[in-house]
Every structure is written in structure tokens, then in C-alpha cells.
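No lab work stands behind these numbers, since they all come straight from the coordinates. Owing to the predicted nature of the structure, the values given are computational and were not obtained by experimental measurement. We place every Cβ from the backbone using ideal geometry, glycine too, and count neighbours over all the protein chains shown.
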């Protein structure tokens with residue numbers, strides 16, 4: 001029987017393993033805490049963060065999912081200003097539902113393709 005931490009670690013390695021196959025495209029990395037969500041677009045080739053947004057920088061009201069969608073839209077707008085259209089979505093050890101899915105949908109609505 002596996003513990004929750006082991007299954008999250010396996011999920012993280014599975015996701016990052018698939019993403020590491022093409023480092024020429026920037027990746028949208030997501031970090032989620034109980035209160036906030038952060039997103040940043042990283043250039044793995046040079047090891048630099050290109051743009052970032054979070055619920056702390058994007059002041060919106062509403063549920064956590066609505067705030068996550070606003071962060072996705074904000075990161076897409078910042079990426080468009082830096083001429084970034086194609087990204088790889090790195091959900092890390094989180095499942096693709098809830099706030100992570102809302103952030104991804106907000107980024108897609110903002111014009112990012114992944």
C-alpha cells in the first residue's frame with residue numbers, strides 16, 4: 001500500500017518526465033497552496049522565469065476557482081506581451097481539476113496554446 005506522499009511523488013515524476021522531452025518550449029508551472037495560487041512561465045533552456053502571476057498580484061474577488069481563472073488570464077496577457085504563445089503546462093503533483101483546471105482554462109481563454 002502506498003502513502004499519499006508517494007503517489008504525489010510518482011505523479012510529479014511522471015508529469016515532469018513527459019515535460020522534459022522538449023525544453024525549447026517554455027513551461028507554465030503551477031503552485032497551489034490552501035489560500036493562493038501562483039503561475040510562472042519558465043524558460044528551462046536558460047533557467048529563467050519569463051513572467052509570473054499569482055492571486056497576490058491579481059486582486060480579484062470571488063471563489064478560489066474564479067481567482068485562479070483570473071490568474072490564468074493575467075499570465076496569458078503577460079505572456080502575449082512577451083510574444084509567448086506556445087507553452088507546456090506543468091501541473092506538478094496536482095491533479096488536473098478544480099483550481100488547476102480553472103487556471104489552465106483562463107490561460108487558454110487568454111490566448112495561450114498547450
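Here are some notes:
- Oblate is the label for segment 64-114, because a/c, from the alpha-carbon gyration tensor with a ≥ b ≥ c as root eigenvalues, is 1.5 or above and a/b does not exceed b/c.
- Chain lengthening between residue 57 and residue 109 when straightened (0.36 nm per residue, less Cα-Cα): 16.8 nm
- Residue-averaged 222 nm ellipticity for the chain, from DSSP H runs of 4+ at -39500 (n - 2.57), nearest 500: -13500 deg cm²/dmol
- For the options 39, 104, 53, a Gaussian network treatment of the chain with springs between C-alpha atoms closer than 10 Å singles out 53 as fluctuating the most.
- Here the calculated FRET efficiency for residue 4 and residue 64, from their Cβ-Cβ distance with R0 = 22 Å, stands at 0.55, rounded to the nearest 0.05.
- Which label in (i) 1.05; (ii) 1.45; (iii) 0.97 gives the computed Cα Rg over 2.2 N^0.38 Å: (i)
- Order of 109, 43, 90 - criterion: other Cβ atoms within 10 Å of each residue's Cβ, fewest first: 109, 43, 90
- Length-normalised contact order of segment 4-110 in % [C-alpha pairs under 8 Å, at least 6 apart]: 31
- Rounded to 5, the percent of DSSP beta bridges in the chain classed as antiparallel: 75
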